[in-house]
Amino acid sequence: FSKSRIGPQEQANIAWSLVVLEKFHTVEAIQLLDLIFEEAARSCKEEKSIQLEHAHQLWQAYFILEEDCPEAVERVPDWFVTYLREKWSMEKARDKLSSARHRSLSDTLQLMGVDHINEHDEDIDVAIILQPNAAWVHQTEIGEESSESSGDEGKVLVAVEFDGPNHFTRIHDDADGSPPGPPRALGHTVLKYRLLKKQGWTVVRVPYYEFDKIPFWASMERQRYLQRKLKTHANIQFSQVDISEYKALTPNRRSRFD
């Protein structure tokens, strides 16, 4: 790496990118990943640490590769794995601030009677812990221990993630004037959800371009949207004549707010 002038930042970027793109199964990729982790461990041992950003990227890559391509990380020393895991745990333990969109989503769920935890330990926007064999998402099992990952064993875990504009590529109008399709999720978002799924979470994504088009004053419409997005209730009764029945959302659906 010294001869090629590929520094620690570039090495961590390469490992992280190969995992995001799922391009790590070739012989060349496995050899490259092995060298990157070897160099990072050597540097960490000599310098007593590595930059936090590099450690976070390498831990995310290792966590995926350990199961999906173990031969790429089989020579990573145990002490270095522990070091990376500790740095990642410190990152997850930092104080978090909920965005306005996140708070609006949480308020709507509260209005619907769906118990949940905001800013869960795993950096989850909204965590919902379901009762065993629950048929609907309002059948929660939230207790004092649920904020700790150790208390979640054996339960059905749902991670509701609000994806704001910074989670996606920019939306561009097509040259022929046709409506643009939904934007693509960025690498850090794709990898985060892959990590959560490997930890046993069912991930439900609420993209801003769906949620934002429902006006803030249309609280019943937001409840209908989340009812169908999350399968919260069979029916929601707003009045004697206004009852929302559960129906699965159809892809690329258009609503009266489009």
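The values are calculated or read from the model by the stated rules, or taken from the named source; none is laboratory data. This is a predicted model, so every value here is computed, not measured. Here Cβ is always computed from backbone atoms with ideal geometry, including for glycine, and neighbour counts include all displayed protein chains. Protein only, heavy atoms only, side chains kept; ligands, DNA and RNA dropped before computing areas. Shrake-Rupley method; radii C 1.70, N 1.55, O 1.52, S 1.80 Å.
Numbers at a glance
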| item | result |
| --- | --- |
| The chain: most fluctuating residue of 222, 170, 194 per GNM, C-alpha cutoff 10 Å | 170 |
| Longest exposed-site-free window of the chain, the sites being GluC sites (Glu not before Pro) in a DSSP loop that have at most 13 other C-beta atoms within 10 Å | 154-258 |
| Degrees between helix 100-111 axis and first principal axis of the chain (Cα, 0 to 90, nearest 10) | 50 |
| Greater than 25 Å apart at Cα, pairs in 87/155; 198/231; 23/213; 45/192 | 87/155; 23/213; 45/192 |
| Carbon plus sulfur fraction of accessible area for the chain, probe 1.4 Å, in percent | 49 |
| Accessible area of the chain divided out per residue, in Å², using a probe of 1.4 angstrom | 58 |
| Total charge dipole magnitude, the chain, about the Cα centre, Cβ charges on Lys, Arg, Asp, Glu only, Debye to nearest 20 | 780 |
| Length released on extending from residue 4 to residue 17, taking residue separation times 0.36 nm less the Cα-Cα span | 2.8 nm |
| Between 0 and 90°, nearest 10: helix 187-198 axis offset from the chain longest Cα axis | 80 |
| Gap separating the Cα centres of the range 4-26 and the range 189-239, nearest whole Å | 33 |
